[in-house]
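The values are calculated or read from the model by the stated rules, or taken from the named source; none is laboratory data. For clarity, every value in this text was computed on a predicted model and none was experimentally measured. Cβ placement follows ideal geometry from the backbone for every residue including glycine, while neighbour counts extend to all protein chains displayed. These accessible areas exclude ligands, DNA and RNA; they are computed on the full protein's heavy atoms, side chains included. Shrake-Rupley method; radii C 1.70, N 1.55, O 1.52, S 1.80 Å.
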Amino acid sequence: MEKKSLIISFQREVDLRATSLHRELTVNFEALQDLGIFFGEGFLPDHDKFRALAREILKHLPHIQALEWIPRVTSDNKEKMLQTIRKHYPGFEITQYQQGAMVPAPPKDEHFPVYFVEPYKGHEMALGFDLSTNQARREILETARDTGLPQASASITLIQDKSTQKAFLAVMPVYKGAHNTLAARRKNLAGFVLGIYKTNDLFRQSRVSGQISDIHMVMVDKTDQNNDRLSENFSEIEHDHLEHHEQPFYYEKDLPPLLGRQWSVTSHPSQHYISSNISPLPFVVLLFGIVFTTMITLYAGLLIKRNSVIHRTVKEQTRDLIQAQEASKDFQNKMIEMNKMASLGAMSAGIGHELSQPLGTILLKCQMLPKALNQRDYEKSLKFVGDIRDQAVRAKEIMDSLRIISRDARPEDKTSIELNRVIRKAEVLIKEDLTMNRIELKKELSPDIYIYASPVQLGQVVANLLTNARDALEDAEEKVITLRSYIKEGNGIIEIEDTGSGIPEEYQSKIFEPFFTSKAIGKGTGLGLSMCYSMVLENEGDISFRTAANKGTCFIVSIPLTRS
């Protein structure tokens, strides 16, 4: 529970950071689209207007490295555009990057130079740079042009930046006319609005206030399946010291796709984060659980040993029981009680586990309650008290169900009772045992079936039949028990069906006889089904079964409905 809580808390921190990063990217890209609006419908603002608009955007989003206008320059408009821009930058030339220096670009049919850039200071080298002369930049321009959608590039190195920080470009195509087809988009392309983003700045800006710093987070570009690490919140030295690779403490959160890229945040906690968030409580609970389980196991062993002694005694007394009917009846009743104790022994591990859960929760909440009271957190304190009450009620329900086996059953205790209530109380005793044996319990219960019977006797019948079904599935491949209830011909019907190997034909006529059992020595008294048969008859009901080889067995109990 402690480890699960730690993992949930860790993943929540990463999800929060990923959401913040996605929001930061979205806001920055929306700013790029806002700038692109001023270039729409063929309206191209002059240098001063672009500069004013760009400065306003950069004032609100200072971690955008630069904003640029990249026009489409053809042989038809090249001279006119050069004359216009040289009014502001007399030495403007269309250039390309070659051998570590900017050199004039050779003439060609189409250029995409940096025409406007803001801020200009620090980006002087970029002015005039023809993006189409670089393969990576040309590919992103062509993709944006042909799709008509904003696109982001893979990580790049900026020619004007001497640092090792990674960056990427986001471009938005601008058209002078219709652009609803590929041919129209290529013909009417006016240019691109371009934004330059440094990944470290964006990732740092996305940090959530108050977020734990002992989690190593890395921004990764997964678009081309090369998992390019764009930025991280630890230095390499810190990374080597703090990285913790143990699964499941590695977590990857994908961001929704943006501008044709798939970014994600990968993360793992530092050893310090893990150690500072794990309390000694699990070890205390483990120690208590070992002691408690040892006591239950010893007790179960005594009951099993006693069951073996009872079985031998029953075999030895069979001849005497046949000679005297009354003595036989009295002794059989004693054996029935012993059978109930043997059933308790067989189910004790499951019952112990079922009881340990609410008791463990009560202990935990009792330990946490004083701390909440000291902090005057009365809302949390009331919640803890409510949890303690709920778990105590659950433990009481288990003990009430336990009386189904332990009480003396008398037919004169008959009363009107809801059939499913009896089934649920009996189910509580064996539910955990079924879970530990990997048996699936299916229920198909019809509501509002009121019968006239002894609740204790009928509960013992259901518990015994469920135990028999469990034993029948010991070697089965498919382990399923199906519980059904319904009304048929004025009777409430209970069906308990298993997917075992079925009852062999030679045993079917003896199945309800006292002391008959097909189980190995020490695993049954032979009284379970005989007891069920007697109790059903005492409640004016009927019990039968249907079976088929390798298809399982279904016991059907029929009890009269309430008379009024």
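Could you grab me the full set of residues in the range 58-90 that are assigned to a helix (DSSP H, G or I), open to solvent by 90 Å² or more (accessible area, probe 1.4 Å) and either of a type in the set (Lys, Arg) or farther than 15 Å from Tyr115 by Cβ (or both)?
Within the range 58-90, Lys59, His60, Lys80 qualify.
Restricting to the range 274-301, name every residue that is more than 30 Å from Asp214 (Cβ to Cβ), in contact (Cβ under 8 Å) with a residue 24 or more places away in the chain and open to solvent by 70 Å² or more (accessible area, probe 1.4 Å).
Correct list: Phe288, Thr293, Thr297, Tyr299.
For the range 409-426, give me each residue that is surrounded by 15 or more Cβ atoms within 10 Å (Cβ to Cβ) and out of contact with any helix residue (DSSP H, G or I) (no Cβ under 7 Å at 6 or more places or on another chain).
Correct list: Lys414, Glu418, Leu419, Asn420, Arg424.
Given the criterion among the charged types (D, E, K, R), over 48 Å from the mean Cα position of the chain (by Cα) and surrounded by 14 or more Cβ atoms within 10 Å (Cβ to Cβ), identify the matching residue among Glu110, Glu93.
Matching residue, one of Glu110, Glu93: Glu93.
Give me the pairs, please: first residue somewhere in the range 459-479 and open to solvent by 20 Å² or more (accessible area, probe 1.4 Å), second residue anywhere and among the β-branched types (Val, Ile, Thr) and in a helix (DSSP H, G or I), beta-carbon distance under 9 Å, and either six or more positions apart or on two chains.
Close Cβ pairs satisfying both conditions: Arg470/Ile430.
Restricting the first residue to the range 491-509 and requiring it to be on the phi < 0 side of the Ramachandran plot, which pairs with a second residue that is assigned to a helix (DSSP H, G or I) and of a type in the set (Val, Ile, Thr) meet a Cβ separation below 8 Å and a spacing of at least six or different chains?
If the second residue must be assigned to a helix (DSSP H, G or I) and of a type in the set (Val, Ile, Thr), the pairs left are Ile494/Ile423; Ile494/Val462; Ile496/Val462.
Among the residues of the range 386-407, which ones are modelled with pLDDT of 75 or more and either surrounded by 12 or more Cβ atoms within 10 Å (Cβ to Cβ) or among the hydroxyl-bearing types (Ser, Thr, Tyr) (or both)?
Ile388, Arg389, Ala392
Based on this model, can you work out whether Ser416 counts as within 16 Å of Gly541 (Cα to Cα) and at pLDDT 85 or above?
yes
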